[in-house]
1. Taking region 56-87, which residues are in contact (Cβ under 8 Å) with a residue 12 or more places away in the chain and either more than 24 Å from Asn38 (Cβ to Cβ) or outside any helix (DSSP H, G or I) (or both)?
2. Taking only region 39-61 into account, find how many residues are within 19 Å of the chain's Cα centre (by Cα) and modelled with pLDDT of 85 or more.
3. Step by step: first the residues of region 33-76, then only those that are small (Gly, Ala, Ser) and more than 28 Å from Ile88 (Cα to Cα), then the one that is surrounded by the fewest Cβ atoms within 10 Å (Cβ to Cβ). Which residue is that?
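The values are calculated or read from the model by the stated rules, or taken from the named source; none is laboratory data. Remember, it's a predicted structure, so these values are computed and weren't measured experimentally. Cβ: placed from backbone, ideal geometry, glycine included. Neighbour counts: every protein chain shown.
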Amino acid sequence: MKQPIKVVHKTALGAVATLLLLNLGSCCPEDPYADYLNLIITTEPKSLDSAFSTDITTGVITALMYDNLVRFGVGSEILPGLAKSWEI
């Protein structure tokens, strides 16, 4: 009769420990770097001027730095970026 009681106590202790660990994660402050972009590149960009982006690394970095007039949506849909309106 004592054996089932030990199993129940171990299970209850495990459940309480799990709940305590889960609650510890919710009491931590928000990550101050949540809105930061951490970019790891293997080569140096040739320039930070988008007019001179002739290599992939420079193109990737300048695309992240500057916004375009328009951007692509789903399929061939064109959405506004910096432009408020345009005519074709």
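1. Tyr66, Asp67, Asn68, Leu69, Val70, Gly81, Leu82, Ala83, Trp86
2. Residues meeting the conditions: 4.
3. Just the residues of region 33-76 that are small (Gly, Ala, Ser), to begin with: 34, 47, 50-51, 53, 59, 63, 73, 75-76.
The next check asks that each one be more than 28 Å from Ile88 (Cα to Cα); those that pass are 34, 47.
Values: Ala34: 6, Ser47: 13.
Here the answer is Ala34.
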